[in-house]
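All remarks here apply to the structure that follows.
The values are calculated or read from the model by the stated rules, or taken from the named source; none is laboratory data. Everything numeric here is computed off the predicted structure, so don't read it as measured data. For neighbour counting, all protein chains shown are included, and Cβ atoms are generated from backbone atoms with ideal geometry for every residue, glycine included. Calculation scope for accessible area: heavy atoms of the full protein, side chains included, ligands and nucleic acids excluded. Shrake-Rupley method; radii C 1.70, N 1.55, O 1.52, S 1.80 Å.
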Amino acid sequence: MSMIRTTLLAPVLAASALIALAGTASAAQQCGAPVHSRFGETRAYFQNSLGACRPDGYCSVVLALADPTDQAVYAGQFRIARPTPGADHVVELVAVVPMNAGDGQPMSVAFGRRQIDLTGKAALQANNANLFEITDTAMVEAIVSGARRAATMRWTYQTETGPSTAWFALGGVTRALNWIDCMGRR
């Protein structure tokens, strides 16, 4: 009796395994990465880095720091974006916890011992009191190059209580940057 059951069940189990594998294989993949949609964006994760592309062509790599006070969604963000496919990169830094004081100056980022002074180069957005945008081509290229090569980035900016430092682990940045470029060519 058990031999008959095994003989009959083996093909059913094999078919079930193939169906399960087919479901896994058909998971959405774009530009070599598994993707999902959220907030109208196509997204893919690469270690600590989130690649996200909107239907209007804006794509970014986002690294967010958890808020230790649990008062905000994140404590800070580091973004490298292409506003349109093939456009020059734009770098954005967002301070939430602790919040920047005024224009947050003086300000810098560092990749290991290589420090990049952003004083006067990180414009505080008029409609956003804690979003700094860097568009200077040389600065942006230096930051993107550093993010591709380094394991961490240190961002220092001014708060009401003095200098604050945020550390970003840069795992997956290079793959995420390559992914948003591929998505932009689609």
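For this structure, a couple of remarks:
- Entry remark, the range 135-156: residues being touching a Phe, Trp or Tyr at 6+ places or on another chain (Cβ under 8 Å) and under 24 Å from residue 101 (Cβ atoms) number 3 in total.
- Annotation for the range 155-166: at least one member residue is in contact (Cβ under 8 Å) with a residue 60 or more places away in the chain and open to solvent by 60 Å² or more (accessible area, probe 1.4 Å).
- Strands (runs of 3 or more DSSP E) contained in the range 22-97 and holding at least 2 residues more than 29 Å from residue 159 (Cβ to Cβ) and open to solvent by 50 Å² or more (accessible area, probe 1.4 Å): 36-38
- Yes/no for residue 171 being at pLDDT 95 or above, under 30 Å from residue 185 (Cα atoms), in a loop (DSSP other than H, G, I, E, B) and not aromatic (Phe, Trp, Tyr): yes
- Selection from the range 98-119 of residues that are part of a loop (DSSP other than H, G, I, E, B) and of a type in the set (A, V, I, L, M): 99, 101, 107, 118
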